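Participant: Take this structure, written in structure tokens, and hold onto it; I'll ask about it next.
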Amino acid sequence: MSAITHEQSLEQFHEQLAYVLANYHSHGKSISNYHNVVIGGLGGSGIGGRIARLAFLQQSPVPVEVFSEYGLPAYADEKTLVILCSYSGNTEETLSMFSQSKAKGCDMICVAASGKLKDLAAEHSLAYYSVALGYQPRMTLGFGLGTLVMILGELLGGDSTALLQEVEHMFQHSSAIIEKAKVMYAAFKPTIANKFVVVCDLPYEAVAIRFCQQIQENAKGEAFVSVLPEANHNMIESYYGKHDTNFLFLNSGTNPRVNARFEFLHGVLSNLGNVIYQYPVADAHIKTQFEVIHATDWVSVWASNDKGVDNMQVGIIMQLKGHLEGLK
């Protein structure tokens, strides 16, 4: 079966959310039984955890952390819930975290389309959530993030079904989002070969990371994240001239002091002639974050087309996997 193209993945994005809603089942767990939650995953399978963590940051009474590593933190124990996500089910770092979770006595939930992680979940009778096959892993955010929103919502004593239905409906009628994406892309098109710096506040940090990952993998370009207010204490001192950089601003608007910082930085950069686009973010709601992700995903695909690169192939990543396999 040929892989679904990125354009098809975006055009049919609502189907991923419909799949989650149709296949979700209760895990029967409560946050009151845990001292902390660890979400483990890499790349396209890991970014959903970062977005979900921030989305529930003000609701969770215990720490929720995301690790894209081979190991778990020292504090992980029998009072830790570990949620492992791997589209292929064979990501070596995630499988290593599985082994450590078992050794430490952690409770676990697994999310995978196939592979060893799916088999291990069945072998150990763990809560498991499926993902449809045929996609590029980085284009499966609807499956991964949607499932995590449901898992964490239930864990915190709620039900995210209505929220996910609302997001699904938004993507069934996504023309307005695509128009916003086109406006954004028009601002960057003349300088699309330049690197990107996404300036964001904390609620949009994971969304910013997601866009950078898509520019890197799809458009084969450099992209970096600058989070305010922290970057105002260091990175701002590098802006004394015009840079070969596309600046994208993502500000939830939730903190007046951070808003003032965005305004000041925008003035500094624009006065020097830098290319800046501020996406019209409405709030920090997860539905709005889905919108911004969708729009920026389109930008990464159009950028790859204009640059004449193959957004379906990740040649160097595959070389690295071969290199690591040869070391075993």
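Participant: Assuming a ≥ b ≥ c are the square roots of the Cα gyration tensor eigenvalues, decide whether region 197-270 counts as rounded (a/c under 1.5), prolate (otherwise, with a/b larger than b/c) or oblate.
Facilitator: Here region 197-270 falls in the oblate category.
Participant: For the chain, what's the relative contact order in percent, using C-alpha pairs closer than 8 Å and at least 6 residues apart? Walk me through the numbers before you get to the answer.
Facilitator: On the way: 546 pairs, mean separation 59.2, N = 328.
After rounding, I find 18 percent.
Participant: Among Tyr128, Gln213, Leu327, which residue has its Cα furthest toward the positive end of the charge dipole of the chain, with +1 on Lys/Arg Cβ and -1 on Asp/Glu Cβ?
Facilitator: The one lying farthest along the dipole's positive direction is Leu327.
Participant: A follow-up question, please. Which whole-Hz couplings ³J(HN,Hα) result when phi for each residue of region 54-70 is put into the Karplus expression 6.51 cos²θ - 1.76 cosθ + 1.60, θ = phi - 60°, listed in order with x for Gly and Pro?
Facilitator: Result, ordered by residue: 5, 5, 9, 4, 8, 10, 7, x, 10, x, 10, 10, 10, 10, 10, 8, 7 Hz.
Participant: Continuing with the same structure: Between Leu163, Phe13, Ala231, whose Cα lies farthest towards the positive end of the dipole of the chain when Lys and Arg beta carbons carry +1 and Asp and Glu beta carbons carry -1, centred on the Cα centre?
Facilitator: The listed residue farthest towards the positive side: Ala231.
Participant: Separate question: If you work out Cα Rg over 2.2 N^0.38 Å from the coordinates, which of [x] 1.27; [y] 1.12; [z] 1.00 do you get?
Facilitator: [z]
Participant: Mind putting a number on the dipole of region 1-84 about its Cα centre? Charges go on the C-beta only, +1 for Lys and Arg and -1 for Asp and Glu, and I need it in Debye to the nearest 20. Write out the running numbers ahead of the final one.
Facilitator: Values: 4 positive and 7 negative charges, 52 e Å.
Roughly 260 debye, rounded to the nearest 20.
Participant: At 37 °C and 0.692 mPa s, grab the translational diffusion coefficient of region 89-129 from Stokes-Einstein with a Kirkwood Rh over Cα pairs, rounded to a whole number in µm² per second. Show your work: numbers first, answer last.
Facilitator: Working: Rh = 10.0 Å.
This corresponds to a translational diffusion coefficient of 328 µm²/s.
Participant: Students often check this: by mean Cβ neighbours within 10 Å, which of 204-216, 269-281 ranks highest, and how do the rest follow?
Facilitator: On the way: 204-216: 23.7, 269-281: 15.9.
Result, highest mean first: 204-216, 269-281.
Participant: On to the next question. Using θ = phi - 60° and the Karplus relation 6.51 cos²θ - 1.76 cosθ + 1.60, list the HN-Hα couplings for region 216-233 in order, rounded to whole Hz, with x at every Gly or Pro.
Facilitator: Karplus-based 3J(HN,Hα) across region 216-233 equals 5, 7, 7, 9, 6, x, 7, 7, 9, 10, 10, 9, 9, x, 3, 5, 6, 9 Hz.
Participant: Further question on the same structure: Let a ≥ b ≥ c be the square roots of the eigenvalues of the Cα gyration tensor of region 41-90; is it rounded (a/c under 1.5), or, if not, prolate (a/b larger than b/c) or oblate?
Facilitator: Because a/c hits 1.5 or more and a/b fails to exceed b/c, region 41-90 counts as oblate.
Participant: Against the longest alpha carbon principal axis of the chain, how many degrees, from 0 to 90 and to the nearest 10, is the axis of helix 92-104 turned?
Facilitator: Taking the Cα atoms of the chain, the angle to 92-104 is about 50 degrees.
Participant: Calculate, in nm to one decimal, what Glu325 and Thr5 gain on full extension: separation in residues at 0.36 nm each, minus their alpha carbon distance.
Facilitator: Net length gain for the segment: 112.5 nm.
Participant: Please report Rg (one decimal) and Dmax (integer) in Å for the Cα set of region 1-104.
Facilitator: For region 1-104, the Cα radius of gyration and maximum Cα-Cα distance read 15.4, 44 Å.
Participant: Next question. Would you mind checking the tilt of helix 175-188 against the longest principal axis of the Cα atoms of the chain, expressed as 0 to 90 degrees and rounded to 10?
Facilitator: Orientation of helix 175-188: about 50 degrees from the principal axis.
Participant: List the residues, sorted by chain then number, that are 5 or more residues from Phe67 or on another chain and whose placed amide H is less than 5 Å from its amide H.
Facilitator: Ile39, Gly40, Gly41
Participant: With axes computed from alpha carbons, what is the tilt in degrees of helix 161-172 against the longest principal axis of the chain, rounded to the nearest 10 within 0 to 90?
Facilitator: Computed tilt is about 50 degrees.
Participant: In addition: Counting pairs of Cα atoms in region 175-307, how many percent are more than 18 Å apart? Don't skip to the answer; put the middle values down first.
Facilitator: Values: 4361 of 8778 pairs.
Cα-Cα pairs of region 175-307 separated by over 18 Å account for 50 percent.
Participant: May I pose another question? Along the positive direction of the dipole of region 48-105 (beta-carbon charges: Lys, Arg +1; Asp, Glu -1; about the Cα centre), which of Ser96, Phe56, Ala74 reaches farthest?
Facilitator: Projecting each Cα onto the dipole axis, the largest value belongs to Phe56.
Participant: Calculate the spin-label point distance for Ser114 paired with His285, positioning each point 7 Å from the Cα along the beta-carbon direction, and give it in nanometres.
Facilitator: Label at His285, label at Ser114, 3.8 nm between them.
Participant: Continuing with the same structure: So if R0 is 56 Å, what FRET efficiency would Ile317 and Glu263 give, r being the distance between their Cβ atoms, rounded to the nearest 0.05?
Facilitator: On the way: r = 39 Å, r/R0 = 0.69.
Computed FRET efficiency for Ile317 and Glu263 comes out at 0.90.
Participant: Counting only residues 5 or more places away or on other chains, whose amide H sits under 5 Å from the amide H of Val198 once H atoms are built in the peptide plane?
Facilitator: Phe224, Val225, Ser226, Leu248
Participant: Whose amide H sits under 5 Å from the amide H of Asp107, counting only residues 5 or more places off or on another chain, with H placed in the peptide plane?
Facilitator: Residues meeting the amide H criterion: Thr80, Val82.
Participant: Suppose every Lys and Arg Cβ carries +1 and every Asp and Glu Cβ carries -1, with no other charges. What dipole size does the chain come out with about its Cα centre, to the nearest 20 debye?
Facilitator: With Lys and Arg at +1 and Asp and Glu at -1, about 320 debye.
Read-outs: derived from the displayed coordinates by stated rules, not from any lab. Small disclaimer: the values here were computed from a predicted structure and weren't measured. Ideal geometry is used to build each Cβ from the backbone, glycine not excepted, and the neighbour counts take in all protein chains shown.
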